[in-house]
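The values are calculated or read from the model by the stated rules, or taken from the named source; none is laboratory data. Because the structure is a prediction, the values reported are computed rather than measured. Note that we place each Cβ from the backbone using ideal geometry, even for glycine, and neighbour counts take in every protein chain shown. Just the protein is used for accessible areas: all its heavy atoms, side chains included, with ligands, DNA and RNA removed. Shrake-Rupley method; radii C 1.70, N 1.55, O 1.52, S 1.80 Å.
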Amino acid sequence: MPESKDAARLAMETILRSKGRGLDAMSDSIATFRRHSNAEQQKLFDRLASARSQLANLTLRGLGGDKPDAYRAQLKRYEEEIDQLEAELSRHSAEFATDIKAVSLQ
């Protein structure tokens, strides 16, 4: 039903609901990990939250007045920092490592 606006709206609502549930579950998991973590891990979680926030702000702001290469470099820097912090937290918690695995069709 590629021409049906109702079908398209239903599909989009279904996708958004599913994504919202996934985000809620992830937020709950991270909150649980934070509650059961030591001071060092708490600092890592704080740095991770900050890096994710900075990446989101940069992404939402868009290119702005930046040169494309500089903008992409900043995005890459935040993405690499997030990956590094997630890896560090994974070394401290097998449960966290399992929870942050990328979602794939497999």
| task | Could you grab me the full set of residues in the range 61-104 that are modelled with pLDDT of 90 or more, within 16 Å of the chain's Cα centre (by Cα) and open to solvent by 70 Å² or more (accessible area, probe 1.4 Å)? | result | Lys76, Arg77, Glu79, Glu80, Asp83, Gln84
| message | Consider the range 4-46. How many of its residues are free of Cβ contacts under 8 Å to residues at least 60 places away in the same chain, in a helix (DSSP H, G or I) and of a type in the set (Ser, Thr, Tyr)? | response | 4
| Near pairs, Cβ below 9 angstrom, 6+ apart or cross-chain, from the range 66-77 (closer than 15 Å to Arg52 by Cβ) to any residue that is at pLDDT below 90 | Gln74/Asp66
| query | Filter the range 32-52 for residues that are open to solvent by 60 Å² or more (accessible area, probe 1.4 Å) and within 17 Å of the chain's Cα centre (by Cα); which is farthest from Arg91 (Cα to Cα)? | reply | Arg52
